[in-house]
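Working notes for the structure below.
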Amino acid sequence: MALNIVVCAKQVVDPETPVSAFRIDADARRVVPAPGVPPVVNGFDENAVEAALRIKDGTDAAIAVVSVGSGFAMDVMKKPLSMGADQLVLVDDEAVADLDAAATAYVLSRAIERLGGYDLVLCGRQASDWDNAQVPLGIAETLGLPCVTMAQKVEAHNGGLVVERVLDEGYQVVEADMPALVTVSNELGEPRYPSLRGIMAASRKSPTVWTASDLDLDPARLAPSLELVDLFIPVTDRQCEMVEGEDGQDTGRRLALRLREEKLI
Amino acid sequence: MTGAALGVLAAGEWTDGRLYPGTGELLALGRSLDCGEVSVALLGDAPESVCREAVSLGADAVYTASHPLTGDGDADADVSAIAQICGQAKPRVLLFGKTAFGAEVGPRVAFRLGVGAAQDCVAVEAEDESGRVVVTRPVHGGNAMARLRFPDADPKVAIVRGKAYEPLAADGSRRGEIRRVELEPPVVRTRRVETVESRSAGVRLEDASVVVAGGRGLGGPSPFEQLEELAGLLGGAVGASRAVCDAGWLDHSYQIGLTGKTITPDLYITVGISGASQHMAGCSGARHTVAINKDADSNIFKAASFGAVGDWQDILPSFIETIRELVES
Ligand SMILES: Cc1cc2nc3c(=O)[nH]c(=O)nc-3n(C[C@H](O)[C@H](O)[C@H](O)COP(=O)(O)OP(=O)(O)OC[C@H]3O[C@@H](n4cnc5c(N)ncnc54)[C@H](O)[C@@H]3O)c2cc1C
């Protein structure tokens, strides 16, 4: 029987937006996307898609990608399909547009349940916008799944799961029974590039779109559990003293002498 | 859990008969919140000396819970243990350090108790007027800071970044109560098969007072030998940007930044690092940053006190040689 894998993916502001182009609307407490910089699929979620595809490379598996939000850029969100995922499910509704981690975990859990049987839920370790690293943990708690975080390698066979997880120093091999949830880190390796064939296939697929009412959500659980009271850009007013020499060699020497003058070395 | 909750419970960590430094930081933060008893939970079979160390660093009470499965890296067991201790201590605020343990167990305990959690906090404060708890945390890779206010429900769970608070000076005359907690046996659904440690020799990056780090601009792994040499001269440690670790030039344990290590050296020397916000998120606590980069507009110079613009291949050799002369004379 095919292994059913669900990957949770989020559309985010491009985290590689140059610092100088990063803007916020302090009154609305929102980030204003830089003009001309399209959103992306959260990088760690692409790592999770890659982890799913590597499992599928070796065994019979079906991959559904699920996302919660609104204002999806379809060409962006279709990227996992063009990489090789089978299905894209978008919970696309203003009511779920700006949820916090707890509420997002709740809605994703409902969506995963609605998808039917699943063996493995894969998530990125964190989203690069709010850097919360909580949604996957919330899904695991809500669905009552064993949870393994920070994977650099995921193998699934015969109902069993073997995960190599990144530690501060080194790694650890962990096993669990499925169904289970695993969060994936960038140490897994680069996500594959969509092939031309993949892009063509993805262009013919349309996402399954659900609204909040399709999931029969409890409105009380969509309210934020923490209130965002302020969003601001930190000011760094360090003055950098540029050390210049006649050439590189002289610059290096002067830099060292300057640090000695300041008693830094 | 609402209403009568009082005090602060810190989820402590210890190893080899010592508390983690971060636990002392949590206790200091707990005292600064000034909302009642400050207690600490120590999982595993914590020896009395570790409990007393926690008391000397500010704990009024120590909850110890020694089920063989807890405190040993099985999150299932630790989530269950901390949730149970929380049920007894009934704290207003539950603190974790931003460690592998805290970043996973903290939010999971919060979900289990039906309350919110805040990850990666650099400040946790009680608001003057209302006494409500507000945290500050970097978001968007450190490009912005968010302040978030907890609702009334207790406990308020905050996972706190290392070195954001100074531990108190140890005071051996402080008194504290040790409370042993009987745990419901936890159900652990994951099985650890093998742990492979790759601890690098020498000073730990997180503890080093001098860090020398390289980025993609170094072009490959071999220039890191020169950084090792420089770090050796200064008694420091070598680190790297994520680009370097992703390229496989160095192991991920060298990575500094939001998703790597947080460092707080007196002197941070960067070579060929652009200073992306996610990198700076891990080194903004450096006292002095020195940058060598060929791009004068590079973001790294905005955080640096001293900079040199140019190709590292021209600058670094004489920089290292001069430092050698200075430290060896
Ligand atoms: C969610 C998320 C988390 C992340 N976490 C981290 C993290 O924890 N740590 C981290 O470091 N990054 C992290 N990143 C990545 C980060 O955004 C940057 O991509 C990364 O830090 C860039 O590394 P770099 O500075 O080495 O490379 P680049 O940005 O490519 O910079 C290379 C620099 O080298 C200079 N250079 C090139 N050649 C020379 C030369 N010959 N001489 C001198 N200078 C030269 C260039 O001018 C440039 O400034 C994260 C990204 C995301 C999205």
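Report, to the nearest 10°, how far helix B:21-33 tilts away from the longest principal axis of the Cα atoms in chain B, using its own Cα long axis and a range of 0 to 90°. Orientation of helix B:21-33: about 60 degrees from the principal axis. The calculated FRET efficiency for the pair A:Glu241 and B:Asp297, based on their C-beta separation and a Förster distance of 22 Å, comes to about 0.85. The helix-based estimate of mean residue ellipticity at 222 nm for chain A, built from -39,500 (n - 2.57) per DSSP H run of four or more residues and divided by its residue count, is -8000 deg cm²/dmol to the nearest 500.
Take the Cα of A:Thr208, step 7 Å toward its Cβ, do the same at B:Ser200, and the gap between the two points is 4.7 nm. Against the main long axis of the alpha-carbon atoms of chain A, helix A:101-115 sits at an angle near 30°. Residue-wise HN-Hα couplings along segment B:169-178, as the Karplus relation 6.51 cos²θ - 1.76 cosθ + 1.60 with θ = phi - 60° gives them from phi, are 5, 4, 10, x, 8, 5, 10, x, 9, 9 Hz; Gly and Pro carry x. Given all pairs of different Cα atoms, what value in angstroms does the Kirkwood hydrodynamic radius of segment B:1-134 take? By the Kirkwood definition, the hydrodynamic radius is 14.7 Å.
Near A:Leu99, no amide H atom lies under 5 Å from its own; only residues 5 or more places off or on other chains count, and H is placed 1.01 Å from N.
What FRET efficiency comes out for B:Lys90 versus A:Ala95 if R0 is 51 angstrom and r is the Cβ-Cβ distance? Round to the nearest 0.05. Calculated value: 0.90.
Distance between the C-alpha centers of segment A:60-93 and segment A:99-138? Whole Å please. Segment A:60-93 and segment A:99-138 have Cα centres separated by 14 Å. Available extension along the chain between A:Ala62 and A:Arg260 is 65.1 nm, counting 0.36 nm per residue and deducting the alpha carbon span.
All Cα-Cα distances of chain A, cut into 10 Å bins from zero to the largest, leave 6, 26, 30, 18, 9, 7, 2, 0 percent in each bin in turn. Note on the protein assembly as shown: antiparallel DSSP beta bridges, both residues inside, total approximately 35 percent of the bridges counted. Rg and Dmax over the alpha-carbon atoms of segment B:205-328 stand at 12.8, 36 Å. May I ask for the distance between the Cα centers of segment A:201-220 and segment B:59-121, given as a whole number of Å? Result: 35 Å between the Cα centres. Filter B:Lys163/B:Lys294; A:Lys56/A:Lys153; A:Lys10/A:Lys153; A:Lys153/B:Lys261; A:Lys10/B:Lys98; A:Lys56/A:Lys78 down to the pairs with a C-alpha to C-alpha distance above 25 Å, please. Violating the 25 Å Cα-Cα cut-off are B:Lys163/B:Lys294.
Pop the C-beta distance of B:Ser49 and A:Asp27 into the FRET formula with R0 = 60 Å and round what comes out to the nearest 0.05. E(calc), rounded to 0.05, equals 0.65. Taking every C-alpha pair closer than 8 Å and separated by at least 6 residues, the mean separation divided by the residue count of segment B:8-180 gives a relative contact order of 28 percent. Overall, segment B:205-328 carries a charge dipole of about 440 debye about its Cα centre when +1 sits on the Cβ of Lys and Arg and -1 on the Cβ of Asp and Glu, all other atoms neutral. Rounded, prolate or oblate: which one fits the protein assembly as shown, using the alpha carbon gyration tensor with axes a ≥ b ≥ c (rounded when a/c is under 1.5, else prolate when a/b beats b/c, else oblate)? Oblate.
Couplings 3J(HN,Hα) for segment B:44-50, derived from phi with the Karplus relation 6.51 cos²θ - 1.76 cosθ + 1.60 (θ = phi - 60°), are x, 8, 5, x, 3, 4, 5 Hz, where x marks Gly and Pro.
When only the Cβ of Lys, Arg, Asp and Glu is charged (+1, +1, -1, -1), the dipole of chain A relative to its Cα centre reaches about 540 debye.
Rounded to the nearest 500, the 222 nm mean residue ellipticity of chain B from helices alone is -8500 deg cm²/dmol, with -39,500 (n - 2.57) taken per DSSP H run of at least 4 residues.
For segment A:223-229, backbone phi angles converted through the Karplus equation (6.51, -1.76, 1.60; θ = phi - 60°) give residue-by-residue couplings of 5, x, 8, 10, 9, 6, 9 Hz, Gly and Pro being listed as x.
We did not get these values from a lab; they are worked out from the coordinates using the rules stated. On a predicted model such as this, the values are computed, not experimentally measured, just so you know. A quick note on method: Cβ atoms are made from the backbone with ideal geometry, for glycine too, and the neighbour counts reach across all protein chains shown.
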